[in-house]
Every structure is written in C-alpha cells, then in structure tokens.
Amino acid sequence: AANTSMLTKAKAVIALYRNTLLLAAFAVTMFTRSIGRHIKSAIDASAQFETLKTRLTALYGSVQRGSEAFEKFNKVAATTPFQLQNVVDAGAKLKAFGVDAEDMIKPVADLAAFMGVDIVEAAGAMGRAFAGGAGAADVLRERGILQLIKTTQGISDLSKKTLPEFREALIRTLQDPVAGIIGSTDRLAKTYAGALSNMQDATS
C-alpha cells in the first residue's frame, strides 16, 4: 500500500512538471510569435517610410527637400486621424496643383475633418479651387465652404475676385477661428476612430 501511495504521488509530481513544462513551452512560443510580429511590423513600417521618402525626393527634386517634406507630413499624420500614406498622397496632390504643400497640409487636414472626407479628397478639392478659382471649386461649394468664405471674409460675389484674391480669401478662411475649420482635426482626433488611428501610427 505504501508503494502504491508513493507511486501515485510520483505520478502526480511528474504530471505537474509535465503541465508546467507545457505551459512554459506555450508561453515561449507565444512570446516568440509576438516578437516576430513586432519585428515584421517594424520592417514593414521602415520599408513604407523609405518608399514614401523616395517618392517625395522625386517630387521635390532633392533628398533634403524630400526628407523635410516627409518629416512635416509624418508629424501631421501622427497628430491627426489620417494615415501617413494618405497624408503624403494629399501633400503630393497639393504640390501638383501648385499649393505650398508643407505649409498647407495641416489646414487641409482640418478642412478634411470639417467636411467629413478623407484628406486626399480634401487636397484635391483645395487644389482645384487653388488652380481654377471659385468656378472650379465644386466640392467646396457643395460642402458650404464657399459660403463660409463669403460670410467670414465679407465677400458678396466670389466670381468678381481675381484668382490671387480668391486664393488669399480661401487660405484666410481655413485659418480663421470664426469659420470653425481650424482645429477640426484636433476635435476629430479625440473621437474613438481618431484615437485608434493615432494608436496605429504610434505602433507602426
């Protein structure tokens, strides 16, 4: 009976050790997979950064200017609900229309948040208005932005403004606290969707 009792205890101890080893092996496997995912994520992010920097270098004509633009766009992406790829796409679109992309990327991000559209769409609307004036600003007209320009800047007829005058009025409206556009990304970033996007940027 004593031998049977000792054998039972030995089996229990062996089973305990086996379970402990299995749990330890499982933990090591999960940890290794987690590290692998983080390494892959870091490599993917680094590759994306290099691709975007290369694109901006080609767009700006120099490595230094491309890197400076990338840092500006990356900062906007990190502090707004918009992904870096989209911010760079928006910056490229603005530059293609002749807009100072680095100076205007944040106001355009605010415009996008205010209108409830993606930053790339807002950049396209801004670019067309910048290049063609009020007559080419269909999206801004539909979203009530042209009316805001008239109201906040005291303009009765935008069609009578020259292109430089319209551009100035548009930019002033984007930066005018009375219009309510400036700061829209900050307000949107406080929502759940904005917080989730920022978290994704921070971990990429």
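The values are calculated or read from the model by the stated rules, or taken from the named source; none is laboratory data. Nothing here was measured: the structure is a model prediction, and the numbers come from that model. Backbone-built Cβ (ideal geometry, glycine too); neighbour counts: all protein chains shown. For the accessible areas, the whole protein counts, side chains as well, though only heavy atoms, and no ligand, DNA or RNA atoms are used. Shrake-Rupley method; radii C 1.70, N 1.55, O 1.52, S 1.80 Å.
Could you grab the relative contact order for segment 85-136? Cα pairs under 8 Å, six or more apart, rounded to a whole percent. Relative contact order for segment 85-136 comes out at 41 percent. Distance between the modelled labels on Arg18 and Asp103, one decimal in nanometres: 7.5 nm (7 Å Cα→Cβ projection).
With a 10 Å radius around each residue's Cβ, average the other Cβ atoms per peptide and rank 148-154, 120-126, 93-99, 62-68, highest first. Show your work: numbers first, answer last.
On the way: 148-154: 16.9, 120-126: 24.0, 93-99: 18.4, 62-68: 13.4.
So the order, starting with the most tightly packed, is 120-126, 93-99, 148-154, 62-68.
If Arg167, Arg128 are ordered by their accessible area, calculated over protein heavy atoms with a 1.4 Å probe, which sequence runs from highest to lowest?
Numbers: Arg167 70, Arg128 100 Å².
Largest accessible area first, the residues go Arg128, Arg167.
Segment Ala131..Lys160, full-extension length gain: 8.8 nm, with 0.36 nm per residue of separation and the alpha-carbon distance subtracted. Remark: segment 185-190, residue by residue, has Karplus-estimated 3J(HN,Hα) of 5, 5, 5, 5, 5, 7 Hz, where x stands for each Gly or Pro and the curve is 6.51 cos²θ - 1.76 cosθ + 1.60 at θ = phi - 60°. Available extension along the chain between Asp176 and Lys75 is 34.1 nm, counting 0.36 nm per residue and deducting the alpha carbon span.
Kindly state, to the nearest 0.05, the FRET efficiency for Ala96 paired with Val117, given R0 = 22 Å and r defined as their beta-carbon distance. Mind dumping the intermediate values first?
On the way: r = 18 Å, r/R0 = 0.84.
After rounding, the FRET efficiency stands at 0.75.
Among Asp110, Asp118, Asp100, the order of accessible area from largest down is Asp100, Asp118, Asp110, computed with a 1.4 Å probe on protein heavy atoms.
Each Lys and Arg adds +1 at its Cβ and each Asp and Glu adds -1 at its Cβ; summed about the Cα centre, segment 61-106 shows a dipole of about 60 debye. Applying 1/(1 + (r/R0)^6) with r as the Cβ-Cβ distance of Ala58 and Asp186 and R0 = 41 angstrom yields a FRET efficiency of 0.80.
Subtracting the Cα-Cα distance from 0.36 nm times the residue separation, let me have the gained length for Glu168 to Glu50 in nm, one decimal. Don't skip to the answer; put the middle values down first.
Details: separation 118, 0.36 × 118 = 42.48 nm, distance 3.49 nm.
Result for the pair: 39.0 nm of gain on full extension.
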